[in-house]
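> Have a look at this one before I ask anything.
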Amino acid sequence: MISEVTPRGKEFLFFSLFSIMGKTSAFIGPIVSSAIIDASPNGNNSLPFYFLFGLTLLSLLLLAFFVDLKKSRKEQAAFLEREAAAKKRRASVVSGAFDTSSQEEELDGGKQGKQL
């Protein structure tokens, strides 16, 4: 699912975010599970599994009803077009800066040659 909604060429950003979320949940999950067990009146060890099952169902429903893959593909294409246009603008600005500096060097070189 993640690979369906990430823009091509930017996968590393989304998968690194996914990895960070996984590591964070691995840290927080046992704390939440212990809190649920401690909060239960008889110390029932199976209550965290019911909680996690409920979260899984909620996530599944949210993904099924609110993630539109066709819209995501259109947004990816528009994003990649904007990125390409911005990259061209940056390249033209940088190449323009190099062109003016080389022109200035030629002018300075011409002045120095005449002064000698």
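The values are calculated or read from the model by the stated rules, or taken from the named source; none is laboratory data. Everything quoted here is computed from the prediction, not taken from an experiment. Here the Cβ is made from the backbone with ideal geometry for all residues, glycine too, and neighbour counts use every protein chain on show.
> What about LEU57, is it without any contact (Cβ under 8 Å) to a residue 24 or more places away in the chain, surrounded by 11 or more Cβ atoms within 10 Å (Cβ to Cβ) and of a type in the set (A, V, I, L, M)?
When the stated conditions are applied, LEU57 does not pass them.
> With a cut-off of at least 1 residues that are out of contact with any Cys (no Cβ under 7 Å at 6 or more places or on another chain) and modelled with pLDDT of 80 or more, name the helices (runs of 4 or more DSSP H) lying wholly within segment 2-116.
Qualifying helices (runs of 4 or more DSSP H): 11-39, 47-66, 69-115.
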